[in-house]
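*Asks:* If you scroll down you'll find the structure; I have some questions about it.
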Amino acid sequence: MIAHLAGTLRDKQVQRLVVDVHGVGYDVHVPLSTFYAVGDVGATVALRIHTHVREDALQLFGFATALEQTLFERLIAVSGIGPKVALAVLSGIEPEGLVRAIRASDLARLTTIPGVGKKTAERLIVELRDRLPKTTETTAPGAIPGDDDLRADVLSALGNLGYQRAAAERAFDRVIATVETRDFEAVLRAILKDLAR
């Protein structure tokens, strides 16, 4: 089994990388968070790998962080969730956001992920709530209790303005750690300014 790959990025397509390790190119499927984290073609990359073996295929799934890999492996252990859906889930929500949504039984948030309907979201909550990594913080660094309502309101507003959910979540986490106010309008303005950069 392949558990780790380090080499040169030879090709980069959405959710798919080719990593050259000493002249051998490995086709690695990745979530969007890893896709954006690895850099450009020609960069040196190191990925955590989950090797998925089926009767007709051997597939490699790569992750930039241990949390992404752990969540992927927990997701594919849920009945009815295969590697493609697990990758779609991790591409549709930040890992910390997924942990928060499952722990809070947030069906509305989970069903906004492409490929996840109400039944799948319910299954994720039931089967994963007690199996999530214990070391994961459920709030963003710098966040204070009560930020969840503000987070939901701001992310909803950003979604209405056309921003992708994952980008909006990352911007919220960056900004909320730096601003002192918890006023909706002030936080939204700060996030819009951050996203415009």
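*Asks:* Give the residue list of GluC sites (Glu not before Pro) in segment 1-97 that are DSSP loop and have at most 14 other beta-carbon atoms within 10 angstrom.
*Replies:* Of the GluC sites (Glu not before Pro), the ones in loops of segment 1-97 whose Cβ has at most 14 other Cβ atoms within 10 Å are E55.
*Asks:* Rounded to the nearest 10 Å², what accessible area does F184 have for a 1.4 Å probe in the complete protein model?
*Replies:* That residue has around 70 Å² of solvent-accessible surface.
*Asks:* Quick check: the distance between the Cα centres of segment 31-74 and segment 100-124, to the nearest angstrom?
*Replies:* 23 Å
*Asks:* Something else about it: So what is the 222 nm mean residue ellipticity for the chain from helices alone, if each DSSP H run of at least 4 adds -39500 (n - 2.57) and you divide by all residues, rounding to the nearest 500 deg cm²/dmol?
*Replies:* Values: 9 runs with 90 residues, N = 197.
It comes out at -13500 deg cm²/dmol, rounded to the nearest 500.
*Asks:* Rounded to the nearest 10 Å², what accessible area does D56 show when all protein chains are kept and the probe is 1.4 Å?
*Replies:* Result for D56: roughly 120 Å² accessible.
*Asks:* For segment 84-93, what does the Karplus curve 6.51 cos²θ - 1.76 cosθ + 1.60, with θ = phi - 60°, yield as ³J(HN,Hα) per residue in whole Hz, taken in order and with x for Gly and Pro?
*Replies:* Going residue by residue, I get 5, 5, 4, 5, 5, 4, 5, 7, x, 7 Hz, with x marking Gly and Pro.
*Asks:* Cα extents of segment 56-104 along the three principal axes, largest first, in whole Å?
*Replies:* Answer, in whole Å and largest first: 38, 25, 16 Å.
*Asks:* Sort the chain into rounded, prolate or oblate with this rule: let a ≥ b ≥ c be the square roots of the eigenvalues of the Cα gyration tensor; rounded if a/c is under 1.5, and if a/c is not under 1.5, prolate when a/b is larger than b/c, oblate otherwise. Each step should come with its number before you reach the end.
*Replies:* Working: a/c = 2.19, a/b = 1.43, b/c = 1.53.
It comes out oblate by the Cα gyration axes.
The values are calculated or read from the model by the stated rules, or taken from the named source; none is laboratory data. Note that the coordinates shown come from a computational prediction; the quantities given were computed from them, not determined experimentally. A quick note on method: Cβ atoms are made from the backbone with ideal geometry, for glycine too, and the neighbour counts reach across all protein chains shown. Quick note on the areas: whole protein, heavy atoms, side chains included, nothing else; ligands and nucleic acids left out. Shrake-Rupley method; radii C 1.70, N 1.55, O 1.52, S 1.80 Å.
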